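Below is one structure, written out as structure tokens; comments come after it.
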Amino acid sequence: MKNYSSAGVLLILGSFGVFIPYTILAIIFDYPAILRLDAGEILTRFHAGGNALIAVWWAFALLGLPLLVACLQLARLFPAHQRWFTTVGTIGLVVQLVGLLRWPLVVPVLAKYYLTGDAATQQASRVVFTAFHQFGGVLLGEHVGQLFTIAWTAALAQASYQRQMIGQGLRAWGWVASFIYLLAQSELVATVVPGFPEVPLAGFVGSTLWLAWLMAVGMVLWRRSSRTQ
């Protein structure tokens, strides 16, 4: 029961830890819509945000670490043949962490060069930012990271239901969130294939449902451990 309690608490803390800075970024930085704007506009708005914006990005990257620990903790609740999805989830969460850390560690320098440099420096900053943005953001964080996280979520929902840890409603919720989140991959394809059909708001809706699902599963596990003490 101790494993249920710790996994539940970590899921709750991690999901809240991600949700709070995510919401702040949506308010002050127009995230995630800003990700698809012109590089120059992104750099300009990032520089205008100053140290406060950098701090929020740091928080966004690091406050989700309890989810990584929870992923490892959850492996103890399942038989060995089902623990494969723990590896999948760990990879997904670590890759997304790496992708997010470009914002507080790489983008501030590029934004400074873009706002203070001459024309050649500005152009170079735009090119370097676009490369990092496409690699660290689109490829790592939004494609590899999210695909692995989606697979982990769907597998965890099914395995948890089979072990009678959650009900049918939470299993369905996890699958729906995973499917909607998966539809957001169309936006990534559109960054390299102009005109590719996108599913509007799939990323926002899918990620919000995913975080809410993690909170709900965390609450169920925590309550389950409390009732048996």
| note | Checked ALA159, ALA154 against criteria (more than 15 Å from the chain's Cα centre (by Cα), crowded, with 17+ Cβ neighbours inside 10 Å and either at pLDDT 95 or above or on the phi > 0 side of the Ramachandran plot (or both)); the one match is ALA154
| message | Looking at the stretch 25-36, can you tell me whether even one residue there is out of contact with any helix residue (DSSP H, G or I) (no Cβ under 9 Å at 6 or more places or on another chain) and under 28 Å from MET215 (Cβ atoms)? | response | yes
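Quick one: which helices (runs of 4 or more DSSP H) lie wholly within the stretch 1-84 and hold at least 2 residues that are among the hydroxyl-bearing types (Ser, Thr, Tyr) and either surrounded by fewer than 18 Cβ atoms within 10 Å (Cβ to Cβ) or modelled with pLDDT of 95 or more (or both)? Walk me through how you get there before you give the answer.
Numbers: elements: 2-28, 39-62, 65-74.
Once the helices (runs of 4 or more DSSP H) in the stretch 1-84 are filtered for at least 2 residues that are among the hydroxyl-bearing types (Ser, Thr, Tyr) and either surrounded by fewer than 18 Cβ atoms within 10 Å (Cβ to Cβ) or modelled with pLDDT of 95 or more (or both), what remains is 2-28.
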| field | Candidates PHE132, PHE148 - the one that is under 23 Å from VAL107 (Cβ atoms), touching a residue at least 24 places away in the same chain (Cβ under 8 Å) and assigned to a helix (DSSP H, G or I) | value | PHE132
| field | Residue that is in a helix (DSSP H, G or I) and under 30 Å from ALA124 (Cβ atoms), where the choices are GLY99, GLY89 | value | GLY99
| query | Any chance the stretch 206-217 includes a residue that's among the small types (Gly, Ala, Ser), over 19 Å from GLY64 (Cβ atoms) and assigned to a helix (DSSP H, G or I)? | reply | no
| Do the conditions hold for THR121, that is, is it of a type in the set (Ser, Thr, Tyr) and within 30 Å of ILE150 (Cβ to Cβ)? | no
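The values are calculated or read from the model by the stated rules, or taken from the named source; none is laboratory data. The model shown is predicted, which means the values in this text are computed figures rather than measured ones. Neighbour counts run over all protein chains shown; Cβ positions are idealised from the backbone, glycine included.
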